[in-house]
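Read the figures in this text as sums done on the coordinates, not as results from a lab. Keep in mind that this is a model prediction, so the values were computed, not measured. Reconstructed Cβ throughout: ideal geometry from the backbone, glycine too, with neighbour counts over all protein chains shown.
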Amino acid sequence: MYSFTPTEEQQMLIDAVRRYAEQDLRPAAREADEKSEFPPGLIEKGWELGILQASIPEEFDGFGDYSALTGVLAAEIMAYGDLSSTFAVMTPNLFALPILFSGSEDQKKEYLPAVIAAEWKPFTAAMVEPYFNFDPGELATIAVLKGDSYLISGEKTYVPFAQKAEMILTYANLDGETQGFLISRDTKGVSIGERQKTLGIHACPLYPVTFDKVKIPLNQRLNGAEGHDQKSILASYQVALAAMAVGVAQAAFEYARDYAKEREVFGVKVAQKQAIAFMIAEMGIEIEANRLLAWEAAWMIDEGKEEAGRHAYLAYNGAIDMVMMVTDQAVQILGGHGYIREHPVEMWMRNGRGFAAFTGLAMV
Amino acid sequence: MYSFTPTEEQQMLIDAVRRYAEQDLRPAAREADEKSEFPPGLIEKGWELGILQASIPEEFDGFGDYSALTGVLAAEIMAYGDLSSTFAVMTPNLFALPILFSGSEDQKKEYLPAVIAAEWKPFTAAMVEPYFNFDPGELATIAVLKGDSYLISGEKTYVPFAQKAEMILTYANLDGETQGFLISRDTKGVSIGERQKTLGIHACPLYPVTFDKVKIPLNQRLNGAEGHDQKSILASYQVALAAMAVGVAQAAFEYARDYAKEREVFGVKVAQKQAIAFMIAEMGIEIEANRLLAWEAAWMIDEGKEEAGRHAYLAYNGAIDMVMMVTDQAVQILGGHGYIREHPVEMWMRNGRGFAAFTGLAMV
Amino acid sequence: MISFEMPKPLVQTRRVVETVAENMMRPISREMDENEHEIPWAYIQFMHTATKAMGSSSMVAEDPPKEKKEDPKKKKYPPINYQRLMVMVEMLSWGDAGIYLCTPGGMLGAAAVGAVGTPEQKKLFLKRFQGKEPVFDAMAMTEPEAGSDISAIRTTAVLDEKTNEWVLNGEKIFVTAGQKALIDSKGFIVVWASLDLEAGRAGIRSFVIEADTPGCKVTKIEEKLGIRASDTVSIVLQDCRLPFENLLGSPTIEKSTKGYKSAMETFDATRPIVAASALGVARAALEFVHEKLNEEDLTIRYGLPRQKMTNLEREIIDMETQLRAAWLLTVKALWMADNKKSNALIASMSKVKSGKVATIITQKAVEIMGPLGYSRDYLLEKWFRDAKINDIFEGTGQINLLVVARNILGYRGSQLR
Amino acid sequence: MISFEMPKPLVQTRRVVETVAENMMRPISREMDENEHEIPWAYIQFMHTATKAMGSSSMVAEDPPKEKKEDPKKKKYPPINYQRLMVMVEMLSWGDAGIYLCTPGGMLGAAAVGAVGTPEQKKLFLKRFQGKEPVFDAMAMTEPEAGSDISAIRTTAVLDEKTNEWVLNGEKIFVTAGQKALIDSKGFIVVWASLDLEAGRAGIRSFVIEADTPGCKVTKIEEKLGIRASDTVSIVLQDCRLPFENLLGSPTIEKSTKGYKSAMETFDATRPIVAASALGVARAALEFVHEKLNEEDLTIRYGLPRQKMTNLEREIIDMETQLRAAWLLTVKALWMADNKKSNALIASMSKVKSGKVATIITQKAVEIMGPLGYSRDYLLEKWFRDAKINDIFEGTGQINLLVVARNILGYRGSQLR
């Protein structure tokens, strides 16, 4: 049976996240972007919504069960508030969810309660690599088995909060397969570079991390020496990004729509011009269509459908182009006003352009 | 020095071709399409314009010098009249121009005067192959040297006028390179299939041709045993198709523009609706832009510029998408009227969609 | 709870209709296209028999009131009529979009009767679909000078008070299946006419004209780009007299355009059905491409970054993404219709998106298939021609975009033209 | 005879300007972007000196009348002023589109003086560009409530008949280089104001306001997405008094909008110049992509059918095609301007196409370059930000499409709004 109505619990979460997005994130976003810094307490407040905590079973100190769909619903609304902050609030997901999906029992016991402790702590992950054709399925960072350890070497980029992180879940290429390794930031051979500057998401602190023959015991590989299947992690990246792209696009769409209804040219409202009205209609259609793609893929993940991976990929694929189109058109509808930093649309366009390069920066 | 003004001779030719396109081709096009047949004398009249004849030097009975640019100017206007007819009128080009570009002196002497004799005769060429990923640079039809002959085997498709043709310039893969072979239709092993049915260009008779170990003497290879460079032939295909695509698009553009200025809805002319007016503007821009791409590439060919090949390719690449967009939008502007065969726009859309598959069907 | 599981009964429906599409439609698809005015009687008879066997008379409208009462103890399955219709239309159009339009039984005309007719009218006009012979209906709205502009309708309906009959005069064009409704069967057409040309939209009403009504004449059958199995006709009404009860809805003209609006609401249901038809054609084209690639041992590698794909992979993945997106909009629009949620916005969204997606996918598929795509040896080129109609009928893409825009912006027609 | 050979003198110009772009612009590009309100004085001084050395004072306007007569025996080279300007602007924008907008000497303001000013006005206002110090001008048209709608201009100009002075009141926004024209140099701005609000477009005139004029105040400097080296300011005019001769054109309001139209014609020349700037940014981005691919030994194989390309090849080949197409439109538009052919249609075409192409190419380039594209370690992300302005200023893409459509359809503004 089809249904497009969230459960009551989901709706409560959506409402809570929306309040945070509208009342906390949106007012703080511009200054955070200009200063490349979050105001104190902002991220912590988002953390207290308990989105990740509600995904972790009670035995590991959480209070719920994982649902990709619930995560997608929350991620969209939070990104509607601000994308940088959403990445920051959800940075611990990058570390905890792979352990939840694929970690050994020992790893779950050791790390999950630590991550979802009362306060937000920057447990993070290192996935992206500084190559134009970076491919999470064929990493340049190499892991080799040597005796009873793995040696990890390579360069990572855009690792959120790497400088403060206690642990970095690092992905490397082990005999052609992408595998995760739980690495403490203080391990010999790990060096964190200077904070990076990017086109968008200025407030979210990103760092390059170099691994120089970093020695890791077997049991620090995700799921130990047995290893794991990367598929569920990838699908989680993709639906998370797809949902967040919808959120960013929705923000830009609403702003441009309201602006066009407000502003007059040639004696009528801007929105009454067919050319502008059609742009707004196209934006609305693409947002709704891509929202449903993300929802369906997440639902498939939760249902354990075989084609979940492909649909998560399609949702991500669609979202990359949709969010670029919508945010670009939003700037266009505001015209000169879209180009100045008094209005948020240019920021959303800068954030929106990044989605093709964000694989590894968000999970739900 | 830039200039966008044709020479006086070119202008005279353009004017003559335009009269033929408007007064002969356009009135005949629909019925020819429905009947899959040209009315008597139509193609012959186009031949008498002497476009090919004017490209062949006097020593081979022609009366001029080859110019890709002149060819492009003529091809655009003729295709503006009708594409099927343009292919038909120019079918002998497919045989004569490669000989002119690359043939041996003997081949030129033997064939060029025969082709450009007073009457239009279906000398033709076999290039296209019945595979979705047909590649003129990597043919599936194979030529092998055996003793003092070549053996040609393979399947060709969309060979214009193959059934009546005396000679078929057949392209085959000789040691990885595309080479032309001058083959009489009556040669043993050549068999012509039934006339083909296609989405568009109904009137132009196309045939599949099978080559079964067809034995060809060395001197019937284009430029004899030495062979030839295929580049100039490819560039000629590409600028010819680019120019014809512009012609087809121009026809659809003008028809839709006039319809939109004529027809009223909601109390105003269709063209006064921004959404329609903007479509017309986009169509106009893309046509003019692609016209200039074709002109420039043809000019580069004539000037012997090194980058001519790349620009011919870019012009063709742009034209494929431009003509699809413009003819589709023309149908859209006419709405229901665009979908019925009383108006020519649906025919232009069917013709327009073919350009990606027409490499080998037109040269200038 | 959000769910994308197809309702179980529809999985069954889908399987059945797929068999029909594969066996009754695809084999005659090319022949019907090449012989434009032939009628696929075998398919029509089969569908008529099958529909009757299922105890239904119309694909889109509710059946005329039945005598038998439903068993109140039987657990009611949530409403899925529109969702079922979507499954059927998508699959039949996957089979052949032209032949699908020859499906007998109540279609758009019946939907109009079902939406605004009285119980008596429903009984009077809809029961014919349950007879021995297949019967067709049609909707006649467009006029030569009006296009999609309903307020520009010039066909008039005048009440002859002596006989209490309506007298209609005017011309209608682009009437889908008008020939089958009026000439090949004892069906009817629903005609839109004005009670008062001065009253604009408020004066527009719909009337049922049955086959063999004097003064109603099919004057022209169009020759078309695609969907050639389906007839598209022009109809001239010359002093065409109808019984009073053939007017659907109220005969009094109110100042408001309420009557007009409620009529327009039937479009909210039919638009996603057109979308479903577009989706079927698009899927056929995309499956053909996959099939041909598989024959060459080419497989699409999902999951690669765009920097590492082939162009073919990129194009096909984009097509699949867009097709799925359009499909989801359509499912949601019809789920809302079934659940009596107001769906004007998403209904038009689904129509715009699906029409566009079907056009683009078939265009791209023809291109990708190169010489094969352009050949009439395969059905792909036909699907390219068939698909384009979805950008055009039930309001062009532009008209539907206007509807979407008005809904988003909260504008009336007068504020955004 | 049709020819695409760049005029020889321009080949030389191109080489010279390329050196400037590479050595004076690229090295400070990032720094200027990160420090938004800094002024690239080194570049400005250099350009000022270089332009003076060439004996010219303005990039876009004709020089004030010279005393010296030209040698009538010297063979005249065909006019290529606009084509030269295109070469310069394209290359300077390839260097840095923000810094290019800081180029001293006569720009849009001087162009307006050149187009409608009397010989006396030209002399009076333009000679300042030949002085020792670099001087700037600016054009002030947009108002907070008017957007691109000239007939909605609310700034008023009233003649004080006692003093024979114009008194201006109003507010202007988005004045490019207004700060440099009024504060950082003894330049001027050209302000559009209405002599009679009732008269609509017919009442609109342009006025020259020189630096240090009382009542003319820069009130705000915008913080922008891109082109941050260039200042964009708001200006408030409060009882700003100007000598009578600072009015450009005729002070009498005729019924026709002839004055307005001739003023609009200056846009026909300036639009392709904006196009040229967009083309320079797009080329920079495309070259960067090629460079990075070459570093990885990836080369683009031209000539393949689309079925055999990689996605990267397809994207890059499409970008090259579009960039060349836009470039050709721009060349033709400016060749027509040089040859006094009416170029309103193609001028707007070139602006629309180039703005769009630059936006798309920079957007795609950022995407293709993945993590590198998103990093401020490279200039690519800056070009993405810079390029977008070309869709917006000198009329948004939409406004220019309207102009194209009106020209194609032969409609006046009132027929197609």
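Does the range A:123-227 come out rounded, prolate or oblate by the C-alpha gyration tensor, with a ≥ b ≥ c the root eigenvalues, rounded set by a/c under 1.5 and, if not, prolate when a/b is larger than b/c and oblate if not?
Here the range A:123-227 falls in the prolate category.
Using a Cα-Cα cut-off of under 20 Å, which aspartates and glutamates could be cross-linked to D:K132, ignoring same-chain neighbours fewer than 8 residues away?
Output for D:K132: D:E62, D:D63, D:D184, D:E210, D:D212.
Order of C:K382, D:K292, C:K122, D:K162 from fewest to most other C-beta atoms within 10 Å?
D:K162, C:K122, D:K292, C:K382
Fewest to most neighbouring Cβ within 10 Å: what's the order for B:W295, A:W348?
Numbers: B:W295 27, A:W348 31.
Listed from fewest to most nearby Cβ atoms, that is B:W295, A:W348.
Provide D:K356, D:K340 in ascending order of the number of other Cβ atoms located within 10 Å of each residue's Cβ, fewest first.
Listing D:K356, D:K340 from fewest to most nearby Cβ atoms yields D:K340, D:K356.
For D:R154, place a label point 7 Å from Cα along the Cα-to-Cβ direction in every copy; what are the distances to the other copies, in nm, shortest first?
4.6
Please provide three numbers in whole Å: the alpha-carbon extents of chain B along the principal axes, with the largest listed first.
78, 48, 37
Would you kindly compute the Cα radius of gyration of the range D:285-349 and its largest Cα-Cα separation (Dmax), both in Å?
16.5, 48
Only four residue types carry charge here, +1 at the Cβ of Lys and Arg and -1 at the Cβ of Asp and Glu. Report the dipole size of the range B:207-310 about the Cα centre in Debye, rounded to the nearest 20.
Here the range B:207-310 has a charge dipole of around 360 debye.
Just add up the charged neighbours of C:L159: K/R +1, D/E -1, any other residue whose Cβ is under 14 Å from the Cβ of C:L159.
Details: positive: C:K162, C:R205, C:R241; negative: C:D160, C:E161, C:E165, C:D196, C:D239, C:E245.
Counting the neighbours of C:L159, the net charge comes to -3.
Shape call for the range C:83-209 from the C-alpha gyration tensor, a ≥ b ≥ c root eigenvalues: rounded (a/c under 1.5), prolate (a/b greater than b/c) or oblate?
prolate
Quick check: the distance between the Cα centres of the range D:320-356 and the range D:88-150, to the nearest angstrom?
Rounded to whole Å, the Cα centres lie 21 Å apart.
Could you tell me the extents of chain C's C-alpha atoms along the three principal axes, largest first, rounded to whole Å?
Principal-axis extents of the Cα atoms in chain C, largest first: 77, 52, 50 Å.
May I ask you to report, in nm to one decimal and beginning with the shortest, the distances from C:E165 to the same position in the other copies, taking label points 7 Å along Cα-to-Cβ?
The answer, with the shortest distance listed first, is 8.6 nm.
7 Å along Cα→Cβ for the label point: how many nanometres lie between D:E34 and each equivalent label in the other copies, listed shortest first?
7.1
What does the convex hull of the alpha-carbon atoms of the range B:148-209 project to on average, in nm²?
Result: 4.9 nm².
Calculate the dipole size of chain A relative to its Cα centre from +1 charges on Lys and Arg beta carbons and -1 charges on Asp and Glu beta carbons; express the result in debye to the nearest 20.
Value, rounded to 20: 980 debye.
Just the Cα atoms of the protein assembly as shown, one point each, no solvent: what log10 I(q)/I(0) does Debye give at q = 0.05 Å⁻¹?
-0.45
Give me a single rounded figure for B:293-306: the average over its residues of other chain Cβ atoms within 10 Å of their Cβ.
3
What size of dipole, in debye to the nearest 20, comes out for the protein assembly as shown about its Cα centre when the only charges are +1 on Lys and Arg C-beta atoms and -1 on Asp and Glu C-beta atoms?
Working: 174 positive and 208 negative charges, 515 e Å.
Taking the Cα centre of the protein assembly as shown as origin, the dipole is about 2480 debye.
State the residue of chain B whose Cβ is nearest the axis carrying B onto A, and the distance in whole angstrom.
Rotation axis B onto A, closest Cβ, rounded to whole Å: B:Q274, 2.
For the pair A:E254 and A:E342, what calculated FRET efficiency results from E = 1/(1 + (r/R0)^6), where r is the Cβ-Cβ distance and R0 = 22 Å, to the nearest 0.05?
0.80
Where the centroid of each part is defined by its Cα atoms, how far is the range B:96-164 from the range A:1-58 in Å?
68
Using 20 Å as the Cα-Cα cut-off, could you pick out the over-long pairs in A:K121/A:K215; D:K123/D:K351; B:K261/D:K340; D:K186/D:K217?
Result: A:K121/A:K215; D:K123/D:K351; B:K261/D:K340 exceed 20 Å.
Could you tell me which residue out of A:F101, C:M107, B:F355 lies farthest along the dipole of the protein assembly as shown toward its positive end? Charges go on the beta carbon: Lys and Arg +1, Asp and Glu -1, centred on the Cα centre.
C:M107
Can you classify the range B:8-152 as rounded, prolate or oblate using the Cα gyration tensor, where a ≥ b ≥ c are the square roots of its eigenvalues, rounded means a/c under 1.5, and otherwise it's prolate if a/b beats b/c and oblate if not?
Taking the square roots of the gyration eigenvalues as a ≥ b ≥ c, the range B:8-152 is oblate.
What is the local net charge at A:W47, summed over the other residues whose Cβ is closer than 11 Å to its Cβ (Lys, Arg +1; Asp, Glu -1)? Before the final figure, lay out each step's value.
On the way: positive: A:K45, A:K121; negative: A:E44, A:E48, A:E119.
The answer is -1.
Mean Kyte-Doolittle of at least 0.0 plus a Cα span of 15 Å or more along the axis: flag which DSSP H helices in chain D meet both, please.
Span-like helices here: D:41-53, D:81-100, D:311-338, D:344-368, D:397-409.
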